[in-house]
Amino acid sequence: MYPNYTAGRKLSADRLNFIQLAETAELGQVSRFKLLDLAIKLPLLGTIRAKEATLLAALIQSATHDQFKDGQKPIVFKSNATLAAELGYARPETISRMLSCLYDAGLITMKDSPNYKRHSTRHVGQNIIDGFGIDLRVLVARYFELAQQVKDMQILRSQHQAAVRSYRAALRQWKNALPCSQHLPAAYLLAQEAHCAKVMRIIGKSAYATTDYLERAAAILHRLTERLFSVKHENIYVFQSKKSCTNAQTVTHIDNTNPYNSDCISKDERSSPNGSQQNLNEAGQASLWALDKSQSETLSHDKLKSAQSLAIDLSLVLKATPFVQDMLPENASWRDFVAITGVMAGICGISKFALARSRNLLSAELIATALAITLQKYADQTVKSPGAYFVGMLNKAENDELRLQNSVFALASAKAA
């Protein structure tokens, strides 16, 4: 009537391999307690669920401690009905399906009798020779493999949890820093919020995001927060002080102020041929460092002349970059424009290495103009990575291909339209 029907559970290639592996198991190396501890942690691998791990733990507990010793066979002969009653399941069919899942995962092997009864065959010494039941030897054979997989998964899980906590902390820190930066231009704050919203949209629910994405998102949020506070610190000089002060101890002022202020040097010293040496002596060290610094100042002076020869109108630059114009006082000059170079670099996230490289290639006015163009395009969200855009400008400057006039004219035309 049923020509294709075979008694017992169907065999597959994987199940047959597990049966052969169980025959090669060396008992006596792994105790029942270690197997029980492993069974509880197996759901971490995702191969079985928690209720199936509970059934596996119940099977291990059903076997005696002596059955895991050398020369024995840890086989469980309890029926599905008995196991269902012990675990609180109403139907034995539930246990049968869970046993099949454990069989497919390679955690147990099964040998069914023709009438599906589970019984053993023993010799005179009452040791089990063979039997029809649930064999746990394959779990013993795979113990070290599974234990290593569980350990690796625990490490990955702890790393993921740490990345989730780091991302949430960085996001909370950025949200707390945003209300403290309301003095900044509204366009810059909107760009910050748009950048953060994009990061949150990519991550989604942090519990389901990958560890790599979470670490990168946390780094981006930390960088955004640092930009807010760095801009706030540098604005002490830019927004609250309209006059230059040589004694101001801010990063922007130190980077953009000549240490030998011309207002503090008499006319005789400036006109004297030994004036430069006197300045070096006032600095405290008449050394090669001072000589190199004076030579670099001479080079920057030559670059300033070349920048002036380009005849870029400051009013046109400010018209093209309204975002930067809000950061300057009324009737601003080139000196005021150059003074906010550090602020613009902080908002754009330009590295110190890139700034140092720009000083070797461009004059102070051209650097400020390039940063203003970069910042304006970043505020307009036409440039996603202002640091890379600025480095691209420097690469063009090295090849004498940088044309800032064209960029200024194009931006001014776009703003006027």
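The values are calculated or read from the model by the stated rules, or taken from the named source; none is laboratory data. Model, not experiment: these values are computed from the prediction. Here Cβ is always computed from backbone atoms with ideal geometry, including for glycine, and neighbour counts include all displayed protein chains.
Residues in the range 192-232 that are farther than 13 Å from L171 by Cβ and of a type in the set (A, V, I, L, M, F, W, C): A194, A207, L228, F229, V231.
Those helices (runs of 4 or more DSSP H) of the range 264-367 in which at least 3 residues are at pLDDT below 50, considering only elements entirely within it, cover 267-271, 275-283, 288-310. Considering only residues in the range 144-185 that are surrounded by 17 or more Cβ atoms within 10 Å (Cβ to Cβ) and among the hydroxyl-bearing types (S, T, Y), the one that is farthest from I19 (Cα to Cα) turns out to be S181. Just one of the listed residues (I60, I48) is assigned by TED's automatic domain parsing to the domain that holds G133, at pLDDT 90 or above, in a loop (DSSP other than H, G, I, E, B) and within 24 Å of F132 (Cβ to Cβ), and it is I48.
R216 - would you say it is surrounded by fewer than 18 Cβ atoms within 10 Å (Cβ to Cβ) and either charged (D, E, K, R) or in contact with a strand residue (DSSP E or B) (Cβ under 7 Å, 6 or more places away or on another chain) (or both)? Against the criterion (surrounded by fewer than 18 Cβ atoms within 10 Å (Cβ to Cβ) and either charged (D, E, K, R) or in contact with a strand residue (DSSP E or B) (Cβ under 7 Å, 6 or more places away or on another chain) (or both)), R216 qualifies.
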